[in-house]
Amino acid sequence: MDRSIPMLLIGLVFGGGLGFTVAAANGVTFDGHDHGDPAHHGGHEQHAAAGMHDHGDMLSVPAGADAPKLKIEVTPDPSAGWNLHIMTENFRFSPENASRDHVPGEGHAHVYANGVKLARVYGPWMHLDSLPEGEVELEVALNSNDHRSLAVDDTPVAQTVTLSN
């Protein structure tokens with residue numbers, strides 16, 4: 001009996017499951033569309049009327065000792081790609097509260113390359129296996145659980161580095 005089809009199915013199940021497990025363990029989700037573009041949701045009014053969160057709002061907190069802070073470091077991976085380290089103060093990654101109500105000091109990060117959103121991140125490390133060729137502007141921005149951009153005194157909590165790829 002030819003075992004190629006059952007072996008293919010077993011490989012797909014375990015391979016796909018392993019890939020999702022590794023991604024989830026590293027806090028990485030890849031969004032299927034640009035949350036910042038209301039056209040992807042049928043317009044802002046329909047999106048808000050559906051009771052969904054508003055991706056365009058900013059949540060500004062006052063400056064002070066408890067204000068969130070962000071620093072990023074990007075280093076070449078010895079094997080391939082880049083390793084992104086997202087270092088925060090007064091901020092906790094909280095995947096368990098994603099898309100829920102705002103909790104001060106909690107949320108996730110968005111990662112952009114040349115202004116294009118790559119991922120939503122729920123932890124301090126992310127591997128970037130491919131970036132556009134040439135000079136790349138990599139930006140990380142902190143967001144609240146309800147997806148509003150975090151700001152301190154109306155200045156977004158975001159950091160940008162430029163890489164040569």
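Side notes on the structure shown:
- Residues of the stretch 74-89 that turn out to be in contact (Cβ under 8 Å) with a residue 24 or more places away in the chain and either surrounded by fewer than 16 Cβ atoms within 10 Å (Cβ to Cβ) or touching a Ser or Thr at 6+ places or on another chain (Cβ under 9 Å) (or both), as a count: 8
- Wholly enclosed strands (runs of 3 or more DSSP E) of the stretch 90-165 bearing at least 3 residues surrounded by fewer than 17 Cβ atoms within 10 Å (Cβ to Cβ) and not charged (D, E, K, R): 158-164
Coordinate-derived values only; no laboratory data. Quick caveat, the model's predicted, so the values are computed rather than measured. Every residue, glycine as well, gets a Cβ built from its backbone with ideal geometry; the counts of neighbours run over all protein chains shown.
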